[in-house]
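Enquirer: I have a structure I would like to understand better, so I am pasting it below and will then ask my questions one at a time.
The values are calculated or read from the model by the stated rules, or taken from the named source; none is laboratory data. Here the structure is a predicted model, which means the values were calculated and not measured. Using ideal geometry, Cβ is built from the backbone for each residue, glycine included, and neighbour counts are taken over all protein chains shown. Ligands, DNA and RNA are excluded from the accessible area calculation, which covers all protein heavy atoms including side chains. Shrake-Rupley method; radii C 1.70, N 1.55, O 1.52, S 1.80 Å.
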Amino acid sequence: MSISPDGESIAVVSNTPEASFVQIVAYRNGRFGHLARFDLADLGVTGSAPAPRGGVTATNVHWHPSGHFLAVNINTQSRVAFFEVIGADDAPMLRPWGMS
């Protein structure tokens with residue numbers, strides 16, 4: 001879990017047997033808002049291992065100090081995937097960024 005630099009969004013990674021996710025939820029005035037959920041496979045983070053999710057397991061997420069990027073640790077692939085956070089605070093979108 002990681003709190004955005006402005007303190008108004010929280011990013012979390014989670015894994016189910018079917019998929020690995022990055023989730024961003026707005027947090028303002030002491031209340032949680034809209035939850036945006038992104039399947040890492042839809043963002044290009046895939047695997048081919050004979051394991052759940054193709055061997056993709058996200059274990060950590062961290063905001064860039066600018067609040068415009070997220071780094072997601074893909075523990076099972078010994079790599080970090082980077083994403084640009086775009087759109088409104090209550091309707092964020094992610095897109096792959098850089099070479100991950």
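Enquirer: Only residues that are touching a residue at least 24 places away in the same chain (Cβ under 8 Å), outside any strand (DSSP E or B) and among the β-branched types (Val, Ile, Thr): list them for the stretch 35-61, please.
Expert: 45, 56, 57
Enquirer: Residue by residue through the stretch 63-94, note down the ones that are assigned to a strand (DSSP E or B), within 16 Å of residue 21 (Cβ to Cβ) and open to solvent by 60 Å² or more (accessible area, probe 1.4 Å).
Expert: Within the stretch 63-94, 93 is the sole residue that qualifies.
Enquirer: Oh, and also: Identify all residues within the stretch 1-34 that are surrounded by fewer than 17 Cβ atoms within 10 Å (Cβ to Cβ) and outside any strand (DSSP E or B); write none if there are none.
Expert: 1, 5, 6, 7, 8, 16, 17, 18, 29, 30
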